[in-house]
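Okay, structure first, notes after.
The values are calculated or read from the model by the stated rules, or taken from the named source; none is laboratory data. All figures in this text were calculated on a predicted structure; none of them were measured in a lab. Cβ placement follows ideal geometry from the backbone for every residue including glycine, while neighbour counts extend to all protein chains displayed.
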Amino acid sequence: MQGDAPRIPKQGLDRDRILSEMAARRKDDVKWQENRAFSLVFHHSDEHTEFLKAAHGLFFDGNGLNPMAFASLRRFEHEVVRMTATLLNGDRETVGTMTSGGTESIMLAVRTYRDRARKIMPWVKKPEMVIPVSAHVAFDKAGKYFDVRMVRAPIGRDFRLNPKTMARLITPDTIALAVSAPEYPFGMVDPVEDIGALAIKHGLPLHVDACVGGFILPWVERLGHPIPPFDFRVPGVTSMSADLHKYGYAAKGASTILYRSMDYLRHQLFVCVDWPGGIFASPSMPGTRPGGTIAAAWAGLMAMGEDGYLRNAELVMDTTRRFIEGINAIDGLRVLGNPPASVFAYGVSDKRLNCYAIADFMAQRGWHIDRQQRPPAIHLMVNPGHAKIVDTYLEDLRAAVAHVRANPDAALSGSAPAYGLMANAPMRGLVEKNVLAIMERMYSADGEIPHLDAEDGGGVPKPILTLMKLKTRFVDKFLYRRKEG
């Protein structure tokens, strides 16, 4: 209602009152401080967070838009890029920029290779990029923004890309290839060496999305864990993205995009010389670039140091091992693939168990659950604080499996039907349309925040939702029970 719309107060409110109200509004946010979330926030320690806030505050007013006016920020960014390039085995020719996050880094890579193709492959009118099915959705977003078709290569039963399947999808319209290290859904590192050879054979650039792994895989490798080659050591790799605000433990809004040489980066840079406001140049997508984020990223790298990152990696890997061994020991569950680091997913090995019903039970126990599809799975990214809650999580997970096994109808209540139906519903165009409608409600003038439950198909049209519920009820209540009888 227009009359109820928030308005700027006629007189400024008391600052303490404002802060109190802001703190109160956090009560329904994810409880990451209790280590009950496995995404969204990468927290190293309270001490490190307070240090980042202090570093961020020193450059709160800085703007990375103009490196001449803020030479300190330009120096911070340069050194962050150089430190990241060294970590990922780049050389003196390796160049890059900081970005606002992994999505921007990936979008810049796609746009860079599109513009590069326009210069050296002018015959390509409908550019394509070949990526694995498991590659981050940011590639699809970039493709939609920059009119580059994403051709997704299937992954194998080991949840890794098969180079032969990617090779078969390369056409004269292909402008680049991409792989992940690791990919977000299952935590597997794609065969970067094989794809690098493929890229060289076809004269194509290759981007490695190491947004998740860029600041954890090198340390895990130094600890002696087997990590497939994934960085600039691999011939054929021409660019990499690595998020500072994930396992680099920087303040939110910090990532990097690196290129093997300026031959590639120059296609990312933007210059306009005819604007009445003056000559304008920008290295990445934003104009204004928050100085605090750039400064805090530099400060975080300096404060953690190699020793800090190695200690962190050791704790994280030990915690991951405890999770994986504990999950695989539960009858009916299995970790998907053989993830080499701290990102993984698990699903059901017993078809009578419903993965989303297990997720609902865990959510009721206070865990923030990241649900996946194709196959149905629960996703985890392990951080240091999770070492404290492994046993509690596994205890709740065992209880969840026992509950769902004893109550088959759990798959027909809570959010389980909606998540399951979204994953399996036919006519994906209609699902997309309905999900878009939910987004429109969320960002409308009323600002409605819809909740996904059994009565809301989460984008599945109502008639299809009804039919699929009937099918689920028939399978769960009759077929499995008849087999058991």
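The set of residues in the range 154-177 that are touching a Leu at 6+ places or on another chain (Cβ under 8 Å), assigned to a strand (DSSP E or B) and not small (Gly, Ala, Ser) comprises 155, 174, 175, 177. Considering (1) assigned by TED's automatic domain parsing to the domain that holds residue 182; (2) among the small types (Gly, Ala, Ser); (3) at pLDDT 95 or above; (4) surrounded by 17 or more Cβ atoms within 10 Å (Cβ to Cβ), the lone condition that residue 261 does not fulfil carries the number (4). Please verify whether residue 93 is out of contact with any Gly (no Cβ under 6 Å at 6 or more places or on another chain) and surrounded by fewer than 21 Cβ atoms within 10 Å (Cβ to Cβ), treating the condition exactly as stated. So residue 93 fits the description; yes. Which one is surrounded by the most Cβ atoms within 10 Å (Cβ to Cβ) among residues in the range 66-81 that are part of a loop (DSSP other than H, G, I, E, B) and aliphatic (A, V, I, L, M)? Going through the qualifying residues, I end up with 69. Restricting 110, 130 to residues that are modelled with pLDDT of 95 or more and assigned to a strand (DSSP E or B) narrows the list to 130.
Applying the criterion of being more than 13 Å from residue 187 (Cβ to Cβ) and in contact (Cβ under 8 Å) with a residue 60 or more places away in the chain to the residues of the range 328-339, the residue that is surrounded by the most Cβ atoms within 10 Å (Cβ to Cβ) is 333.
Scanning the range 215-227 turns up at least one residue that is crowded, with 24+ Cβ neighbours inside 10 Å, at pLDDT 95 or above and assigned to a loop (DSSP other than H, G, I, E, B).
Against the list (1) of a type in the set (Val, Ile, Thr); (2) assigned to a helix (DSSP H, G or I); (3) assigned by TED's automatic domain parsing to the domain that holds residue 255, the condition residue 288 fails is (2).
Condition check: charged (D, E, K, R) and either part of a loop (DSSP other than H, G, I, E, B) or assigned by TED's automatic domain parsing to the domain that holds residue 216 (or both). Does residue 7 satisfy that? Against the criterion (charged (D, E, K, R) and either part of a loop (DSSP other than H, G, I, E, B) or assigned by TED's automatic domain parsing to the domain that holds residue 216 (or both)), residue 7 qualifies. Taken together, 260, 311, 222 contain a single residue that is more than 23 Å from the chain's Cα centre (by Cα), within 24 Å of residue 199 (Cα to Cα) and among the charged types (D, E, K, R), which is 260.
Listed here are the residues, each with its yes/no results for (1) assigned to a strand (DSSP E or B); (2) buried (at least 24 other Cβ atoms within 10 Å of the Cβ); (3) in contact (Cβ under 8 Å) with a residue 12 or more places away in the chain.
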{"position": "116", "(1), (2), (3)": "no, no, yes"}
{"position": "119", "(1), (2), (3)": "no, no, yes"}
{"position": "144", "(1), (2), (3)": "no, no, no"}
{"position": "152", "(1), (2), (3)": "yes, no, yes"}
{"position": "183", "(1), (2), (3)": "no, yes, yes"}
{"position": "195", "(1), (2), (3)": "no, yes, yes"}
{"position": "198", "(1), (2), (3)": "no, no, yes"}
{"position": "201", "(1), (2), (3)": "no, no, no"}
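Residues to consider are 266, 311; find the one that is out of contact with any strand residue (DSSP E or B) (no Cβ under 8 Å at 6 or more places or on another chain), without any contact (Cβ under 8 Å) to a residue 12 or more places away in the chain and farther than 30 Å from residue 345 by Cβ. None of the others qualify; the one that does is 266. For the residues 17, 36, 7, 26, the requirement of being exposed (fewer than 12 other Cβ atoms within 10 Å of the Cβ) and within 27 Å of the chain's Cα centre (by Cα) singles out 26.
Out of the residues in the range 133-142 that are in a loop (DSSP other than H, G, I, E, B) and among the hydrophobic types (A, V, I, L, M, F, W, C), which is surrounded by the most Cβ atoms within 10 Å (Cβ to Cβ)? The extreme case among them is 135. Only one of the listed residues (103, 84) is buried (at least 23 other Cβ atoms within 10 Å of the Cβ), out of contact with any Pro (no Cβ under 9 Å at 6 or more places or on another chain) and not in a loop (DSSP other than H, G, I, E, B). That residue is 84. Here is the figure for the range 203-214: residues that are part of a loop (DSSP other than H, G, I, E, B) and either of a type in the set (A, V, I, L, M, F, W, C) or not assigned by TED's automatic domain parsing to the domain that holds residue 82 (or both) total 4. Across the range 96-136, the number of residues qualifying as of a type in the set (Asp, Glu) and touching a Gly at 6+ places or on another chain (Cβ under 8 Å) comes to 0. Just a yes or no: is a residue in the range 234-247 crowded, with 21+ Cβ neighbours inside 10 Å, outside any loop (DSSP other than H, G, I, E, B), of a type in the set (Phe, Trp, Tyr) and out of contact with any strand residue (DSSP E or B) (no Cβ under 8 Å at 6 or more places or on another chain)? There is no residue in the range 234-247 that is crowded, with 21+ Cβ neighbours inside 10 Å, outside any loop (DSSP other than H, G, I, E, B), of a type in the set (Phe, Trp, Tyr) and out of contact with any strand residue (DSSP E or B) (no Cβ under 8 Å at 6 or more places or on another chain). The strands (runs of 3 or more DSSP E) falling completely within the range 314-399 that include 1 or more residues that are in contact with a helix residue (DSSP H, G or I) (Cβ under 6 Å, 6 or more places away or on another chain), at pLDDT 95 or above and not acidic (Asp, Glu) map to 333-335, 343-348, 377-381. Residue 174 meets the conditions (1) within 24 Å of residue 103 (Cβ to Cβ); (2) modelled with pLDDT under 95 in every case but one. The failed one is (2). With respect to the conditions (1) under 30 Å from residue 72 (Cα atoms); (2) outside the structural domain of residue 104 (by TED's automatic domain parsing), residue 315 lacks only one, and its number is (1).
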